[in-house]
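The structure appears below as structure tokens.
Rule-based calculations on the coordinates, nothing more; no lab input. These numbers were taken from a predicted model, which means no experiment stands behind them. So basically every Cβ, Gly included, is an ideal-geometry build from the backbone, and we count neighbours across all protein chains shown.
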Amino acid sequence: MTAADRTAWTAFLATHPQAGFFHRPEWAQAFQEGFGYETIYLLAEEHRSGHTMPAIRGVLPLVVIRSRLFASRLVSLPFLPEAGILAADEQAARALAAAAREIATARRLAWVEYRSDEPPIPGTTPVAGRYADFVAEIAADPDERLKAIPRKQRACVRKSLQAGLDHYVTRELEPFLTLYLRNLHHHGTPAFPRRWFAALLDVFDERALDILVVTHQGRPVSAVMSFYDGEMVLPYYAGTAADARRLFAHDYMYWVLMEHARARGCRRFDFGRSRIGSGPYHYKRHWGFAPRELVYQYDLVRASEPPDMRPENSRYRLFVRMWQNLPFALANRLGPMVIKGLG
């Protein structure tokens, strides 16, 4: 894909039933600005007699990740829950997969990772049982919305509404970024660079991205950066202060985000990807969201088995504990160099 192809790429997405927000071409610019990644956005085109312009029959967004620690590979797409080949037919899908393997082979990359199980790609290894996402309707009536939440979580929402919390919507990075980075540090996850979030604000305007900040007595206690795609809201990056649990700030944040999203015309709430069995996984289930297992496909070009870079992997457990014990300022300085190789 070149700059001249972006309009046609977007038009193809509008015709494909499995196209999602993460297939949008703006992500290529975000990856380039935010991490300096090389992006390779492939198109399958059909040249038809009598037509001056070829017709797009498929797309595949790819990012090249080079890392000595975690192996160099092609990913569709890093940091995002679901992306992969979108094709109008099997021939286009095969052509895109073959081109991706050819690129990985020529560059001596370990594997090609497709974060989708559709379409099935011959020769790849599917991996399930690691991640799930959560999507549900947002009821128009607040009372019905509250009743849809299971009893224990509903009680937390009610307590949050009595905790003296307030909120506002903004596109300023602070205080969201500090709250988010502190959460990452607490969980032993390397920090994302500030320029990644600046890139997201640069490529997605107010119609597609905003930040909701929750305050208590004027002090920020939680915040969430959300994406908007048609009738879908996708709360994606969230952070909370140390006393947020006591104030039920997280519960308040998602409750008022649902109301805010409804006012923007959204009808569905995408709670995002979580590792199966993790704390966030169970938290989302407590809201009444049903998990949908995600299956990823790996074309093992030079690797012998699919990777597992989850914190539960014994290979990375010591790294997580070490990172949690780093001073916050040092973790923020070193984090972007590590996270770039994780994807």
Q: Could you tell me what % of all Cα pairs in the stretch 1-139 have separations over 23 Å?
A: 35 percent
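Quick one: putting +1 on the C-beta of Lys and Arg, -1 on the C-beta of Asp and Glu, what dipole do you get for the stretch 1-82 around its Cα centre, in Debye to the nearest 20? Spell out each step's value before the answer.
On the way: 7 positive and 7 negative charges, 38 e Å.
With only Lys, Arg, Asp and Glu charged at Cβ, the dipole is about 180 debye.
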Q: Extending each Cα 7 Å along its Cβ direction at S278 and R245, get the distance between those two points in nm, one decimal.
A: 1.7 nm
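So for the chain, averaging the separation of alpha carbon pairs under 8 Å that are six or more residues apart and normalising by length, what relative contact order in percent results?
Numbers: 627 pairs, mean separation 77.5, N = 343.
Rounded, it is 23 percent for the chain.
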Q) trypsin sites (Lys or Arg not before Pro), restricted to the stretch 68-119: which are DSSP loop and have at most 13 other Cβ atoms within 10 Å? A) R68, R108
Q: Consider just the alpha-carbon atoms of the chain and return their Rg together with their Dmax, both in angstrom.
A: 20.7, 68
Q) What are the trypsin sites (Lys or Arg not before Pro) within the stretch 25-67 that DSSP puts in a loop, where the Cβ has at most 12 other Cβ atoms within 10 Å? A) R48
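By how many nm would the segment from S67 to D308 grow when fully extended, if each residue of separation counts as 0.36 nm and the alpha-carbon distance is taken off? Each step should come with its number before you reach the end.
Values: separation 241, 0.36 × 241 = 86.76 nm, distance 1.49 nm.
In short, 85.3 nm is gained.
Give the order of K159, K152 when sorted by the count of other beta carbons within 10 angstrom, beginning with the fewest.
In order of increasing Cβ crowding within 10 Å: K152, K159.
Pairs of Cα atoms under 8 Å, at least six residues apart: use those to get the relative contact order of the stretch 113-212, whole percent. Display every interim value, and only then the final one.
Details: 29 pairs, mean separation 25.7, N = 100.
That works out to 26 percent.
Are there DSSP H segments in the chain that both extend 15 Å or more along their axis (alpha-carbon positions) and score a mean Kyte-Doolittle hydropathy of at least -0.5? List them, or say none. Could you put the intermediate results ahead of the total?
On the way: long enough: 90-106 (24 Å, 0.25); 176-186 (16 Å, 0.15); 249-263 (21 Å, -0.28); 314-324 (16 Å, -0.66); 328-342 (20 Å, 0.94).
Going by DSSP H runs, the hits are 90-106, 176-186, 249-263, 328-342.
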Q. Quick one: M232, M253, fewest Cβ neighbours within 10 Å first, how do they rank?
A. M232, M253
Q | Debye log10 I(q)/I(0) for the stretch 133-294, one point scatterer per Cα, at q = 0.17 Å⁻¹ | A | -1.09
